[in-house]
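Please treat every number below as a calculation from the coordinates, not as lab data. Note that the coordinates shown come from a computational prediction; the quantities given were computed from them, not determined experimentally. Cβ atoms come from the backbone with ideal geometry, glycine included; neighbour counts cover every protein chain shown.
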Amino acid sequence: MFNWILGKYYARLRRMDMEILWPICLKEAKDLDHAKGAFYWHAMHDPAWLILGEEAIVAFIDKLEAYD
């Protein structure tokens, strides 16, 4: 039961990162690659992302795009 709750909590934290942090990365970085690098650094230091494993994190970040 605890793992289920923790999984839901981590999923919500990841959604918040996408709603708040990713747009900030896009705004502040000089290009998309630097925004992805900043987001990668965050993800590799955040338990909500680390639970997915490095391979899944890299695959997710590779698919990120800039908003129009």
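A few points about this structure:
- Among the trypsin sites (Lys or Arg not before Pro) in segment 26-66, those placed in a DSSP loop whose Cβ has at most 11 other Cβ atoms within 10 Å are K30, K63.
- Net charge over other residues, Cβ less than 12 angstrom from the Cβ of A56 (K, R count +1; D, E count -1): -1
- Between helix 2-16 and the chain: long-axis angle, C-alpha atoms, 0 to 90°, nearest 10: 20 degrees
- In terms of its Cα atoms, the chain spans 43, 22, 18 Å along the principal axes, sorted from long to short.
- Taking Cα atoms only, the orientation of helix 32-43 departs from the longest principal axis of the chain by about 20 degrees.
- Taking the chain as the region of interest, the number of lysine pairs whose Cα atoms are within less than 22 Å, with members eight or more places apart or on different chains, is 4.
- DSSP-assigned coil residues among chymotrypsin sites (Phe, Trp or Tyr not before Pro) in the chain, each with at most 15 further Cβ atoms within 10 Å: Y67
- In segment 2-62, taking the dipole from charged Cβ atoms about the Cα centre, the farthest positive-side position among A43, L13, I24 is held by L13.
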